[in-house]
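Bear in mind these aren't lab numbers, they're just calculated from the coordinates by the rules spelled out. Worth saying up front: this structure is predicted, and the values here are computed from it rather than measured. Methodologically, a virtual Cβ is constructed for each residue, glycine included, from the backbone with ideal geometry; neighbour enumeration extends over all protein chains shown.
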Amino acid sequence: RTTPQLQTWHRQIFACGSALGGYSLPRLAEREGRIALQNMLFQAEQPVRYDQLSYSLPVWPGFVRVGLTEPQARRRFPSETMQITVQRSQGWGETWLFCKLVMRATGEIVGIHLVGHTALQSQDFLEQRLKSRCHVAELAQLEPSCALLREGFQAMAQRWQQVRDPQVRGRLERQLRRLRGR
C-alpha cells in the first residue's frame, strides 16, 4: 500500500512500477519513478495523476490508453459522463483504427483509447491534449499526424453535437434508463 505520492508505510521508502501491484508497463513505471524521486528528494507531495498518464500495451496492432476508462469516469463524474465510440476501417490489409473517447457532458475529454496501426505514434499527442483539458470540438480542429485519427475525431465531434440537442439527448437518456431497469 502506498499514498497517492507513492510513499509506503515507511515515510522514507517509495514504490513504483510493478512493485505497486499493477501493470508492469515501462512508460508508466518511468513516470511513477520520476514522481517518487521528486517526492523523496525534495520532500514534495506531488501525487501521481493517473487520469492524465498514458500507457501502451506491447501488442499488434498498437493499443494506447490515455486518461480514465469508462468505469473510472463514471465513478468520478457519476451523473454526467458519456462515451462516444467511432471505428474507422479501410479495406483488407490497409490502415484501420478504433478510437473511443470518454467525455464529460460538457465535452471535456477525460479518456482516450486507441487500437490500430497508428496508435503508438499518437500517444504523446493524445496525452498532451488530455493534460490541456481538451474539448471534443477542439480535438476535431487539431492536426494529428494520422489522417484516419483526424477523421475519427471530426466524426466524434459531430456526434457529440447531435447528442447535445435536447430532444435527441432526452430520447437517449430514456432508452438508457429502460436498459438499466432490465
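Who wins for biggest fluctuation among 67, 107, 21 in a Gaussian network model of the chain, springs between alpha carbons below 10 Å? Comparing 67, 107, 21 in the GNM, the peak value goes to 21.
A simple charge model with +1 on the Cβ of Lys and Arg, -1 on the Cβ of Asp and Glu and nothing else charged puts the dipole of the chain at about 880 debye relative to its Cα centre. A straight chain from residue 10 to residue 34 at 0.36 nm per residue would run longer than the Cα-Cα distance by 6.7 nm. Computed from Cα atoms, the angle from the helix 147-164 axis to the main principal axis of the chain rounds to 70 degrees. Report P(r) for the range 1-91: all Cα-Cα distances, bin width 5 Å, range 0 to the bin holding the largest distance, values in whole percent. The distribution over the range 1-91 is 3, 12, 18, 19, 16, 13, 10, 5, 2, 1, 1, 0, given as percents.
Label point of residue 49 set 7 angstrom out along Cα-Cβ; within the range 99-136, amide nitrogens under 13 Å from it belong to 110, 127-134. Sites listed here are trypsin sites (Lys or Arg not before Pro) in the range 106-138 whose DSSP assignment is loop and whose Cβ has at most 15 other Cβ atoms within 10 Å: 133. Remark: C-alpha extents of the range 1-48 on the principal axes read 26, 18, 13 Å, sorted largest to smallest. For the chain, set up a Gaussian network in which alpha carbons nearer than 10 Å are linked by springs, and say which option among 83, 123, 12 fluctuates the most. Among 83, 123, 12, the largest mean-square fluctuation in the Gaussian network model of the chain belongs to 12.
When only Cα pairs under 8 Å and 6 or more residues apart are kept, what is the percent relative contact order across the range 17-134? Computed over the range 17-134, the figure is 23 percent.
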